[in-house]
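Some notes on the structure that comes next.
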């Protein structure tokens, strides 16, 4: 279970020295610090539950969603999340795994995400279509629909049938909100269907 420093101090208030007790708990491994002010008492906790609490507001997206949706064949070790109103990307390396946060335009943040519950805790996660748009947005050097096609099929090894099953109407609708030509090139590539 995730616990803040304040919650832990409240739990330990009956000890003569709550801070000393917390130090002993950290040394014994009965509690693990994820970042300053955030702890967990069970390292088997799902990283999906930890991701939005570690740094937020955020939702799980990018490679993590593409891999779990079966769009890309690679296993993704880090939990990748999207955030907004931040001036730079952020990485947290914790005892339960690596968490990567990438900023996006605020206009796209609330769209194409769903709420899921795991182990009694909720988190937000992107749909495969949103994760694809988010991922394309962060790739530099995509100057044409052909560049996007090459990235999707040669570099990311997405199967044409999987791409054809995505909600293209949603992608076309949200693409202008990103304000980047690379996402517009994705829409054009999907519209033409010229993937060979």
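The values are calculated or read from the model by the stated rules, or taken from the named source; none is laboratory data. Keep in mind the model is a prediction, meaning the values are calculated, not measured. Cβ placement follows ideal geometry from the backbone for every residue including glycine, while neighbour counts extend to all protein chains displayed.
The residues in segment 77-90 that are farther than 8 Å from residue 102 by Cα, within 11 Å of the chain's Cα centre (by Cα) and free of Cβ contacts under 8 Å to residues at least 24 places away in the same chain can be counted, and the count is 1.
Of everything listed in (1) without any contact (Cβ under 8 Å) to a residue 12 or more places away in the chain; (2) more than 22 Å from the chain's Cα centre (by Cα); (3) closer than 27 Å to residue 84 by Cβ, the single unmet condition for residue 155 is (2).
Only one of the numbered conditions (1) without any contact (Cβ under 8 Å) to a residue 12 or more places away in the chain; (2) outside the structural domain of residue 124 (by TED's automatic domain parsing) is violated by residue 67, and that is (2). Where strands (runs of 3 or more DSSP E) fall wholly inside segment 18-94, the ranges with 2 or more residues that are closer than 15 Å to residue 2 by Cβ and modelled with pLDDT of 90 or more are 32-35, 38-40, 90-94. The residue list 26, 34 contains one member that is touching a helix residue (DSSP H, G or I) at 6+ places or on another chain (Cβ under 9 Å), surrounded by 13 or more Cβ atoms within 10 Å (Cβ to Cβ) and under 17 Å from residue 8 (Cα atoms), which is 34. For residue 3, the requirement of being over 11 Å from the mean Cα position of the chain (by Cα), more than 30 Å from residue 164 (Cα to Cα) and surrounded by fewer than 13 Cβ atoms within 10 Å (Cβ to Cβ) is not met. If I filter segment 109-127 for residues that are modelled with pLDDT of 95 or more and over 30 Å from residue 34 (Cβ atoms), do I get at least one hit? Checked segment 109-127: no residue is modelled with pLDDT of 95 or more and over 30 Å from residue 34 (Cβ atoms). Do the conditions hold for residue 130, that is, is it in the same structural domain as residue 188 (by TED's automatic domain parsing) and over 12 Å from the mean Cα position of the chain (by Cα)? No. Residues in segment 102-119 that are closer than 17 Å to residue 133 by Cβ and touching a residue at least 40 places away in the same chain (Cβ under 8 Å): 9 in all.
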